[in-house]
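These notes are about the structure you will find just below.
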Amino acid sequence: MKQLPIPMSNTIPRTRFLMASAILAFSLTIGAPTAVAAAPMERATYYVAVDGNDAWSGTLNARNAAKDDGPFATLARARDAVRKLKEEKGLPRGGVAVVVRGGTYVLEQPLEFSTEDSGAKDSPISYGAAPGETVRLLAGKVVSQWQPVTDADVLDRLDVAARGKVMQADLRALGVRNFGSPSGGGVELFFNGRPMTVSRWPNEGFVSIVNVLGKTQRDVRGTKGCAEGIFEYEGDRPGRWQTEPDAWVHGYWFWDWAEQRHKIKSIDNQRRKIEVEPPYHGYGYRKGQWFYAFNLLSEIDQPGEWYVDRENGVLYFWPPSPVEDG
């Protein structure tokens, strides 16, 4: 986006810029609002810069020669300065502008605005990028310190095509410890601005349920299935998932519009049977419906796929291009 002014009216609701528990989960470019360029001289201005310091006054657009004053380092500090000015002296005629210098700002905590951050008709409060500069708010973590996979057990689990191409990174060393769940709301990975795909099989589309094996029959207006998540699959591919500690399936188990993710409880290679962990799908399961498996280290078999070992905090990724350039 080229422009995202944030005018503070006296009716603004509570607003939060939330940090997602994700890798490179969110970015936003903001531009200078009209108020920054056109407000009268009585306006108060605070500055934020990537090389700023929250102990400084924030009234200079760059650090001074003595390096003891200059812009703030964070938007939260600028917000608090505006709050203090409003409380102690009141808003000046022309309002307050927070001008953010170009660069990338990582939000370690939610950035929260409430009614106390509201301006007035003749004293608006605005936040915007410095003219001609690009600002990026990043509510995730930049993954660095990539290493090639050398562990023999991990290499053995990887698809032959992926060996020598998959990289790994220690997420806990980067401060990421909450990985969420594969059931939803978990870690996401972005590379060069594009979302990557958690490892899955098949790589595209779904495979069909050959038969349902649960004991409790389910009949919904003549459409028959079973209540338990136990079903037969075709082929031998799931046999390679036996050593996967956190394998999941995502399917439309009974109706084409009702989906659910399940952790795999067991795989029987001889009977070609998969059983999932309860709670089971509310409608049940029936023959001919479709699913795919995901969250499997062994299914990283093409560029762009990734997997997180949640127990050890390690991210595995086959980058589409050199990871150092991403």
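Residue under question is L107, and the condition is that it be at pLDDT below 95 and open to solvent by less than 30 Å² (accessible area, probe 1.4 Å); does it hold? Spell out the reasoning first.
Working: at pLDDT below 95: yes; open to solvent by less than 30 Å² (accessible area, probe 1.4 Å): yes.
So L107 fits the description; yes.
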Subject >> Lone unmet requirement of (1) open to solvent by 30 Å² or more (accessible area, probe 1.4 Å); (2) part of a loop (DSSP other than H, G, I, E, B) for V176 >> reply: (1)
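Would you mention how many residues in the range 303-316 are closer than 14 Å to R194 by Cα and either touching an Asp or Glu at 6+ places or on another chain (Cβ under 8 Å) or open to solvent by less than 30 Å² (accessible area, probe 1.4 Å) (or both)? Outline the logic, then answer.
Applying the first criterion (closer than 14 Å to R194 by Cα) to the range 303-316 yields 303-306.
With the extra rule that they be either touching an Asp or Glu at 6+ places or on another chain (Cβ under 8 Å) or open to solvent by less than 30 Å² (accessible area, probe 1.4 Å) (or both), the set shrinks to 304-306.
Counting residues in the range 303-316 that are closer than 14 Å to R194 by Cα and either touching an Asp or Glu at 6+ places or on another chain (Cβ under 8 Å) or open to solvent by less than 30 Å² (accessible area, probe 1.4 Å) (or both) gives 3.
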Subject >> Extreme residue, nearest to the chain's Cα centre (by Cα), among residues of the range 275-300 that are more than 25 Å from R221 (Cβ to Cβ) and crowded, with 19+ Cβ neighbours inside 10 Å >> reply: N295
Subject >> Long-range neighbours under 7 Å by Cβ, at least six apart or interchain, first residue more than 30 Å from G225 (Cα to Cα) within the range 287-308, second among the small types (G, A, S) and surrounded by fewer than 21 Cβ atoms within 10 Å (Cβ to Cβ) >> reply: D301/A161
Original post:
Do we have any residue at all in the range 133-150 that's in contact with a strand residue (DSSP E or B) (Cβ under 9 Å, 6 or more places away or on another chain) and among the acidic types (D, E)?
Top reply: yes
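Quick check: is even one residue across the range 207-214 among the aliphatic types (A, V, I, L, M) and closer than 16 Å to R261 by Cβ?
Let us first name the residues in the range 207-214 that are among the aliphatic types (A, V, I, L, M), namely 207, 209-210, 212-213.
Filter once more, keeping what is closer than 16 Å to R261 by Cβ: 207, 209.
Yes, the range 207-214 has at least one match.
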Subject >> Within the range 120-172, strands (runs of 3 or more DSSP E) holding 3 or more residues that are open to solvent by 10 Å² or more (accessible area, probe 1.4 Å) >> reply: 167-170
**OP:** Mind listing whichever residues of the range 208-229 are in a strand (DSSP E or B), surrounded by fewer than 18 Cβ atoms within 10 Å (Cβ to Cβ) and hydrophobic (A, V, I, L, M, F, W, C)?
**Re:** V220
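The values are calculated or read from the model by the stated rules, or taken from the named source; none is laboratory data. These numbers come from a predicted model, not from an experiment. Neighbour counts run over all protein chains shown; Cβ positions are idealised from the backbone, glycine included. Accessible surface areas use protein heavy atoms only, side chains included; no ligands, DNA or RNA. Shrake-Rupley method; radii C 1.70, N 1.55, O 1.52, S 1.80 Å.
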